[in-house]
Amino acid sequence: MKKEPSTGQDRSSSSYTKKLFSPHLKKRGHQRSMTMEEYRALCAHAQDHAVEFWGELAQRNLEWERPFTRVFNDQRPPFYRWFEDGVLNASVNCLDCHIGTDIEHKVAFHFEAEDGAPGQVTYRELLDRVCRVANALKALGVKKGDRVVIYLPMGVEGVVAMLACARIGAIHVVVFAGFSAKALHERIRDTEAVMVITANVQCRAGRQLPLKAIVDGALDMGGCDHVAHVLVHERTSEPWNSVDGRDGSYKEYVDGQSSFCAPEMVEAEHPLFILYTSGSTGQPKGLVHATAGYLLWAKQTMQWSYDIHPDDVFWCTADIGWVTGHTYVTYGPLAAGATQVILEGTPLYPNAGRVWQVIQKYAVSIFYTAPTLIRALIKAAGQDKDYAPEGYDLSSLRILSSVGEPIDPTSWMWFYQKVGHENCPYIDTFFQSETGGHMIAPIPGVTPLLPGSCTLPLPGIAAAIVDESAEELPNGKGGMLVIKRPWPALARTIWGDDQRYRESYFPEELGGTLYLAGDGAIRDEETGYFHITGRIDDVLNVSGHRLGTVEIETALIGWEEMVAEAAVIGRPDENTGEAVCAFVVLKHPIPTREEAEKIAHVLRQRVARDISPIAKPKDIRFGQGLPKTRSGKVMRRLLRSIVRGEALTQDMSTLEDPSILEQFMTTL
Ligand code: ATP
Ligand code: MG
């Protein structure tokens, strides 16, 4: 853990918007899940009677083959175990449990290919497909506990592959199908996978990427002898190179399989999957999630955060390569029996209008996306009215939600007003790959909303803000976000590296028992609501004043007509200790030097006005886009190297568009 500087800004959160919005739910037929008093009572119950609280949730949410008798085992902190003598299967909890109910013949996924070709699959059909693939895996020798890497385009096939692994107790390792051969290779090697499931090509943004060829490249890099088979889903008729004895097509192995496959019942703590973090801050970590604890939270948060009902149509734009896709495309919505929309490729292709068309066409009621996509939509709507939400019927929407980065209040308001017509609660969900599911998020119909805030922790999540000596800080004081008590959905370890797990998340400096999220946060003085202020390693110390990067970014983005996106980073400075550097993407073409200087002047004034003259960026750089991970997050470690004038020698395999870095090399 980096010790200094590690707390957020010490001032009040005055620059954030203060107005609270009612969390009312549009569909009157739906009962509110609870009142604010009941929410507080539930939080208190979870704190005082944790074993009872979690035991009850695990019983209520999951179908057990053999019920657990023991809720919690804390013999070896921080390696906690939950429900450990219980036995279950995750695919049964997502599919079989719906057979024989109204959900059996309900659409599980509406699917749209990149060229717009539609498709759909019911729960019954999904179960059949999962069983066929599971039988193929078994026939190829995959056993309980084996790791299977899934490198597939976004689509139903990826979900099927995940559930097929779960069905036979194999541990899936989904790798986002935009990653390079090198990144894929690292993940195959690290997990010693026995199989890779891929496709001949991926269709994305009008191009066809040769996925199978990338897999070949990764396997050729050496050290992958444990991979016995590569299973290829033929997305198109494009030919692919087949290695004898190792590679086979779905046609060959899957199509003839039986649609019945008895599920392998596993212990509650059996790893369901390994998932690597996005790599925003450093070397990605392979997090291991346990079956029961993870699944119970995936399902429960669908209730609390989304008030999910049988008539909802849920659209989460995340790829299954990220935790959001795991929990809010595969496990959570399916366990809840929801109907979903799934899109191949990117929702911004061929243009931003596709997002609104999809919502209109499928009558999406819950729309879950990322701030980066919202900002892209705002930019597109400003440039061309055909892409503005006003031109579409979005009346089916009842809940809007985002995850991945802090949402600035300006973008929050745009989404809330222009898309939700002030009728749909905006659910800003804070969570991490490590936490499996939502941690801090408003409950629709219950928690009053505050633009730019993820509001309050869900029941059972003991979130707090502490300083470097693990002292809890009062409202209005910025510090490090921690979780004080264990909860079942936390990843159990980093694959093969218990020590890194302990050091990263339960550092001795904080006493070894607090879960350190790695994010800075501050609680609003009046409401106690949480604002995430940025990664703790990114907090700036300018002349002894601590500044959160998010707050400065918020002030920059606040110039709505001019700024599309901004990222703030610190660099060492002789006079002030650290200097603020801002990377700004304008809504207009990159300005001339003279114009740029004028714009920079106004930006500095706005920061001085909204925060303090101390926070004024010393460097301001303009570019056409920010360097982002493939999950759409700003890659701060690269920006940090740029402002320090360091050579970019770091692993850039998770960077979406490397060419973007060039533009930011010059400063004003
Ligand atoms: P790495 O750990 O490799 O650096 P990462 O942290 O970006 O990658 P994820 O686990 O996908 O990988 O992202 C979790 C992080 O995303 C959180 O720690 C936080 O910084 C940010 N985040 C997620 N949701 C929110 C939110 N609603 N508000 C603010 N920040 C968020
Ligand atoms: Mg992280």
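The values are calculated or read from the model by the stated rules, or taken from the named source; none is laboratory data. Keep in mind the model is a prediction, meaning the values are calculated, not measured. In this analysis, Cβ positions are derived from the backbone assuming ideal geometry, glycine residues included, and neighbour counts consider all displayed protein chains.
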One residue is enough: does segment 337-345 have a residue meeting the conditions among the hydrophobic types (A, V, I, L, M, F, W, C) and out of contact with any strand residue (DSSP E or B) (no Cβ under 6 Å at 6 or more places or on another chain)?
no
Qualifying residue in segment 548-571 (condition: among the polar types (S, T, N, Q), within 16 Å of ligand 2 (Cβ to nearest atom) and over 16 Å from Arg621 (Cα atoms)):
no
Hey, can you tell me all the residues within segment 515-534 that are closer than 25 Å to Ala298 by Cβ and within 16 Å of ligand 2 (Cβ to nearest atom)?
Tyr515, Leu516, Ala517, Gly518, Asp519, Ala521, Ile532
Among the residues of segment 435-454, are any near ligand 1 (Cβ under 10 Å from one of its atoms) and free of Cβ contacts under 8 Å to residues at least 40 places away in the same chain?
no
So, in segment 408-418, of the ones that are touching a residue at least 12 places away in the same chain (Cβ under 8 Å) and out of contact with any Phe, Trp or Tyr (no Cβ under 8 Å at 6 or more places or on another chain), which residue ends up farthest from Gly452 (Cα to Cα)?
Lys418
Given (1) part of a loop (DSSP other than H, G, I, E, B); (2) touching a Lys or Arg at 6+ places or on another chain (Cβ under 8 Å); (3) within 25 Å of Cys261 (Cβ to Cβ), where does Phe79 come up short, assuming only one miss?
(3)
Give Val364, Val358 a once-over and let me know the one that is part of a loop (DSSP other than H, G, I, E, B) and more than 16 Å from ligand 2 (Cβ to nearest atom).
Val364
Could you figure out which of (1) surrounded by fewer than 17 Cβ atoms within 10 Å (Cβ to Cβ); (2) outside any strand (DSSP E or B) isn't true of Pro572?
(2)
So in segment 191-212, with the set limited to residues that are among the charged types (D, E, K, R) and at pLDDT 95 or above, which one is nearest to Ile494 (Cα to Cα)?
Glu192
Pick out the one residue from Gly178, Gly158 that is within 26 Å of Cys316 (Cβ to Cβ) and not in a helix (DSSP H, G or I).
Gly178
Tell me, which residue of segment 46-77 that is touching a residue at least 40 places away in the same chain (Cβ under 8 Å) and under 18 Å from Lys484 (Cα atoms) is surrounded by the most Cβ atoms within 10 Å (Cβ to Cβ)?
Trp54
Tell me yes or no: at least one residue of segment 559-579 is within 16 Å of ligand 1 (Cβ to nearest atom), β-branched (Val, Ile, Thr) and closer than 23 Å to Leu449 by Cα.
no
Scan (1) closer than 27 Å to Thr410 by Cβ; (2) of a type in the set (A, V, I, L, M); (3) within 16 Å of ligand 2 (Cβ to nearest atom); (4) in a loop (DSSP other than H, G, I, E, B) for the single condition Ala489 breaks and write down its number.
(1)
In this structure, is Tyr349 surrounded by 21 or more Cβ atoms within 10 Å (Cβ to Cβ), aromatic (Phe, Trp, Tyr) and either closer than 28 Å to His24 by Cβ or more than 16 Å from ligand 2 (Cβ to nearest atom) (or both)?
no
Within segment 424-480, count every residue that is charged (D, E, K, R), in a loop (DSSP other than H, G, I, E, B) and away from ligand 2 (no atom under 16 Å from the Cβ).
4
Scanning segment 89-112 residue by residue, the ones that are out of contact with any strand residue (DSSP E or B) (no Cβ under 7 Å at 6 or more places or on another chain) and touching a residue at least 24 places away in the same chain (Cβ under 8 Å) total 12
Is it the case that segment 232-240 has a residue that's within 16 Å of ligand 1 (Cβ to nearest atom), surrounded by 15 or more Cβ atoms within 10 Å (Cβ to Cβ) and not in a strand (DSSP E or B)?
no
Output for segment 452-465, where each listed residue is within 21 Å of Leu20 (Cβ to Cβ) and modelled with pLDDT of 95 or more:
Ser453, Cys454, Thr455, Leu456, Pro457, Leu458, Pro459, Ala463, Ile465
Among (1) surrounded by fewer than 22 Cβ atoms within 10 Å (Cβ to Cβ); (2) within 16 Å of ligand 2 (Cβ to nearest atom) - the single one His270 does not satisfy
(2)
Which residues, taken from segment 617-631, are touching a Lys or Arg at 6+ places or on another chain (Cβ under 8 Å) and crowded, with 22+ Cβ neighbours inside 10 Å?
Pro617, Ile620
